[in-house]
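Below is one structure; the comments refer to it alone.
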Amino acid sequence: MDLLSQHEAFLRAIFDNPEDDTARLVYADFLDENDLPIRAELLRVQCELARMDDDCDPSHWAMLEERNHCLSSAVVPWNEMRTGSGITMNRGLWRESFADGVAVTAEDLDDPRKFREWVVRVNPAWYGETKMYVRFRSELLSKHIHTLSGLPFVHQVTECNLSGHREEVPRDEVNQLREHFDFFPEPPGPWIRGWRAINTGALNEFLRNRWARRIVSLDLRNNSLDNDVVCALVKSPYLDNLKRLQILEGNQLRGKVWQQVLERFGEDVVE
């Protein structure tokens with residue numbers, strides 16, 4: 001097992017049993033042994049903070065909290081942070097900035113080892129996240145699904161947001177286009193532009209991947225999906241645990257397909 005895999009194994013153990021600090025403290029010793037003493041101290045400080053109760057000395061709590069903030073800033077340079085204001089691996093101390101869950105892009109999945117290293121170094125809290133989404137203006141392709149399902153920090157994900165994005169084009173942009181290109185007609189209504197989060201080939205791969213068994217919430221809005229891929233969704237053997245499916249908005253469902261979706265998943269699940 002290489003060094004990166006050892007870090008990942010410790011993080012998986014920490015978040016698989018979040019109420020027990022034993023794995024965190026063993027990981028802190030491992031960090032010391034691998035020339036990461038600041039990160040090790042940060043982990044021990046966070047453990048001590050989590051053990052404090054309402055009767056603790058306020059000055060001691062304040063000192064630890066300040067130390068936690070300083071260590072967190074030292075561990076993760078600001079220019080490496082995509083979200084949040086620091087690093088945390090402990091129960092009860094998660095920052096609000098991690099609430100949206102694991103965030104992926106096609107670029108991340110083109111270099112999975114670099115992505116794994118970044119998560120270990122900057123966002124280890126992702127090992128405890130149950131939500132995942134695709135970042136704005138990034139489209140997953142078929143080749144990305146196998147890579148995505150194999151990442152060690154998505155094994156616990158149960159809510160998968162693969163929604164694309166649609167927005168109305170501001171009127172001033174429309175007017176500028178019509179000024180430069182006189183063949184553009186006056187639009188009868190608002191112009192809409194959009195970006196898919198996943199293409200049809202990638203979604204078909206996802207529906208054939210056993211990872212889909214863990215998903216209880218799936219958002220597929222605004223991906224311009226047609227009847228064929230939605231039929232594959234209906235026939236997927238790995239979506240039996242689905243409790244919420246968002247698919248109607250921004251897709252091209254026609255004829256009996258919508259009824260098939262309702263029959264497979266239930267009216268209380270589909271929206």
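Where a number appears in this text, it was derived from the coordinates with a stated rule and is not lab data. On a predicted model such as this, the values are computed, not experimentally measured, just so you know. Virtual Cβ from ideal backbone geometry, glycine too; neighbours counted across all protein chains shown.
The HN-Hα couplings worked out from phi for region 246-254 by the Karplus form 6.51 cos²θ - 1.76 cosθ + 1.60 (θ = phi - 60°) are 9, 9, 5, 6, x, 10, 10, 8, 10 Hz, whole numbers, x standing for Gly and Pro.
Taking θ as phi - 60° and the Karplus parameters 6.51, -1.76 and 1.60, the scalar couplings of region 237-242 work out to x, 10, 10, 5, 9, 5 Hz in sequence order, x denoting glycine and proline. Net length available on complete extension from Thr130 to Trp118 is 2.4 nm, with 0.36 nm assigned per residue and the Cα-Cα distance removed. The protection proxy used here, the mean number of other Cβ atoms lying within 10 Å of each residue, ranks peptides 149-160, 122-133, 250-261, 9-20 as follows, highest first: 122-133, 149-160, 9-20, 250-261. Residues within the reach of a label modelled at Glu263 (point 7 angstrom out along Cα to beta-carbon, backbone nitrogen below 13 Å), restricted to region 235-250, are 235. Seen from Arg39, the other residues with C-beta closer than 13 Å to its C-beta sum to a net charge of -2, counting Lys and Arg as +1 and Asp and Glu as -1. Of all lysines in the structure, those lying under 19 Å Cα to Cα from Lys143, and not within fewer than 8 positions of it along the same chain, are Lys114.
What is the sum of charges, Lys and Arg at +1 and Asp and Glu at -1, for the other residues whose Cβ falls under 10 Å from the Cβ of Asn241? Please report the intermediate quantities before stating the final value.
Details: positive: Arg213, Arg214, Lys243; negative: Asp240.
Once positives and negatives cancel, what remains is +2.
What nm distance separates the two modelled labels at His146 and Leu3, each placed 7 Å from Cα along Cα→Cβ? Output for this residue pair reads 2.9 nm.
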